[in-house]
């Protein structure tokens, strides 16, 4: 399978999941500014949505959207980085995936636009802070979102939390999030992913 990714983007979450499971894959780097692949191909011709991640399976099927890719990857080795589908634990994991996607990932949206007015930025950071406080209540009591076992939801959360540094959003008020970030960053699969994306040596 092929993973279309951009370094540091949300595609990093499925990239981590692939490395956690040791799956064979071909990484394809996408330039999201030019919307091109390394060989010059127009990315829109591959994925009309124009953004990453996208997973191309061996039979040619193409899947998009972070939450879907994460679950597809996890289900290649059921019960490892996601509970088995159909269980209550899986539904609870999906609840976290959806929350991260809609409330945290998309919550950063206005911060990516350099034209965003200062007052909108302030309200955006405040709204994110409310989400961070909610998540912190869980991570102050356990190592990961669903307990003491790392899951695909943790990979996703870790990636979007890292955007706080880029946008100069101070996480000092949420020590549980800072500890979580350090805990996940230490995982071998995460380090492997960062190196593969050229973000660390």
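Odds and ends about this structure:
- Here the condition is being touching a residue at least 12 places away in the same chain (Cβ under 8 Å) and either surrounded by 14 or more Cβ atoms within 10 Å (Cβ to Cβ) or out of contact with any helix residue (DSSP H, G or I) (no Cβ under 8 Å at 6 or more places or on another chain) (or both); of 182, 155, it holds for 155 alone.
- Being modelled with pLDDT under 95, out of contact with any helix residue (DSSP H, G or I) (no Cβ under 6 Å at 6 or more places or on another chain) and farther than 20 Å from residue 97 by Cα is a property that residue 201 has.
- Which numbered condition residue 133 fails, given (1) more than 15 Å from residue 13 (Cβ to Cβ); (2) surrounded by 13 or more Cβ atoms within 10 Å (Cβ to Cβ); (3) in contact (Cβ under 8 Å) with a residue 12 or more places away in the chain; (4) touching a helix residue (DSSP H, G or I) at 6+ places or on another chain (Cβ under 8 Å): (4)
- Taken over region 37-67, the criterion of being outside any loop (DSSP other than H, G, I, E, B) and surrounded by fewer than 16 Cβ atoms within 10 Å (Cβ to Cβ) is satisfied by 42, 44, 45, 62, 64.
- Considering residues of region 6-36 that are in contact with a strand residue (DSSP E or B) (Cβ under 6 Å, 6 or more places away or on another chain), touching a residue at least 40 places away in the same chain (Cβ under 8 Å) and not in a loop (DSSP other than H, G, I, E, B) only, the residue surrounded by the most Cβ atoms within 10 Å (Cβ to Cβ): 15
- All positions within region 68-93 that are under 28 Å from residue 166 (Cα atoms) and surrounded by fewer than 16 Cβ atoms within 10 Å (Cβ to Cβ): 68
The values are calculated or read from the model by the stated rules, or taken from the named source; none is laboratory data. Remember, predicted model here, so these are calculated numbers, not experimental data. Positions of Cβ are backbone-derived with ideal geometry, glycine not excepted, and every protein chain shown enters the neighbour counts.
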